[in-house]
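A.B. asks: The structure's right below; bear with me while I get my questions together.
The values are calculated or read from the model by the stated rules, or taken from the named source; none is laboratory data. Worth saying up front: this structure is predicted, and the values here are computed from it rather than measured. Backbone-built Cβ (ideal geometry, glycine too); neighbour counts: all protein chains shown. Each accessible area value is taken on the protein alone, full model and side chains, heavy atoms only, with ligands, DNA and RNA left out. Shrake-Rupley method; radii C 1.70, N 1.55, O 1.52, S 1.80 Å.
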Amino acid sequence: MKNFNTTRFINLLLWQFAWSKKKLLYMVAGCAAAIIIPALLTISLTRSAFNADNLGGFICAFAFVYFMTSGALIASNIGNKRQRIALFSLPATKLEKFLSRYLHLVVIIPLAALLGIIAGDAIQAIFSLIVAGNCDSVFLSLFKGHWFMSGNGGYAATVITLLLLLLGHSFMLLCGTIFRRHAWIKTMIAQGVVAIIVSTVIALIGFTITMSLDKIFGADQYNVVFAGDGYQIAAQILFLAFLVAGIIASYWGAFRIYSRMQAVNNQWHNL
């Protein structure tokens, strides 16, 4: 059987959609209500148009948190034996199942939320026009320039920032395949532990280098200077290579673990 077949993959996406149709409808309704309720209350009390900027900022912040942590939910649809049998018995490869679930998390669910935002925004805009005579759009506020990253740091800084975000996302995805129960909470704890360990190792390396230089030259008898464009470019390239390697390793590890999941897992697999 081919490792990836387009027709089979599309059918699997449709199955994923049908399986979570009720949850997606709840998502649409919940996002619409999150806009309609505060907007209608504000308009009714103040008799003025609803200010969409604050709510737009909250939505952007929530979307950022969701993207960063959504990978931890990669195996949430196979949390018990019955769900695993239902998924793993489908005529599709593990690669297709992994990709379809990933797209469901990062594309389909956000699109459902966006549909709810548009619907709620349209209702509050109509009500605002009727009551106040003008309106402000929550949906359009999401695309205002101040919600996006500024390019003040240059192209390299923007690329590094995006790769850092993708590294965090991919690490959550990896942990989501390792933990079976309460994956989101365990992944957040694991991420904090890894951050502490990495920070400690870097601090120890810096301390060791400083102590070595002190013994050689004496305390405060030397200066370490990294100057010139060549050093900066080399450091950026090295850091970019580290980020890309971490992202690739996280995605690869997540798929490898996912591809070895069975309907009945042993106690050491997926904690």
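A.B. asks: State all residues of the stretch 178-212 that are open to solvent by less than 90 Å² (accessible area, probe 1.4 Å), touching a residue at least 60 places away in the same chain (Cβ under 8 Å) and under 18 Å from the mean Cα position of the chain (by Cα); if no residue qualifies, say none.
C.D. replies: Within the stretch 178-212, Ile178, Phe179, Ala183, Lys186, Thr187, Met188 meet the criteria.
A.B. asks: Look at the stretch 29-55 and say how many of its residues are outside any helix (DSSP H, G or I) and open to solvent by less than 60 Å² (accessible area, probe 1.4 Å). Break it down stepwise before answering.
C.D. replies: Our first condition is that a residue be outside any helix (DSSP H, G or I); within the stretch 29-55, this holds for 47-51.
From what's left, open to solvent by less than 60 Å² (accessible area, probe 1.4 Å): 48-50.
Residues in the stretch 29-55 being outside any helix (DSSP H, G or I) and open to solvent by less than 60 Å² (accessible area, probe 1.4 Å): 3 in total.
A.B. asks: Still on this structure, please answer the following. In the stretch 56-70, how many residues are open to solvent by less than 60 Å² (accessible area, probe 1.4 Å) and aromatic (Phe, Trp, Tyr)?
C.D. replies: First, the residues of the stretch 56-70 that are open to solvent by less than 60 Å² (accessible area, probe 1.4 Å): 56-57, 59-61, 63, 66, 68-70.
Narrowing the set further to residues that are aromatic (Phe, Trp, Tyr) leaves 66.
Looking only at that region, the number is 1.
A.B. asks: Restricting the stretch 58-87 to residues that are assigned to a helix (DSSP H, G or I) and polar (S, T, N, Q), which is nearest to Leu105 (Cα to Cα)? Break it down into steps so the answer makes sense when it comes.
C.D. replies: Filtering the stretch 58-87 down to residues assigned to a helix (DSSP H, G or I) leaves 58-73, 76-78, 81-87.
In the following step, the residues that additionally are polar (S, T, N, Q) were identified as 69-70, 76-77, 83.
On the way: Thr69: 10, Ser70: 7, Ser76: 10, Asn77: 11, Gln83: 17 Å.
The selected residue is Ser70.
A.B. asks: Here's something else I'd like to know. Starting from residues that are exposed (fewer than 15 other Cβ atoms within 10 Å of the Cβ) and charged (D, E, K, R), keep the ones in the stretch 71-123 and report whichever is modelled with the highest pLDDT.
C.D. replies: Arg82
A.B. asks: To continue, here is another question. What about Leu55, is it in contact (Cβ under 8 Å) with a residue 60 or more places away in the chain and closer than 19 Å to Ser137 by Cβ?
C.D. replies: Details: in contact (Cβ under 8 Å) with a residue 60 or more places away in the chain: yes; closer than 19 Å to Ser137 by Cβ: yes.
Here the answer is yes, as Leu55 does meet what is asked.
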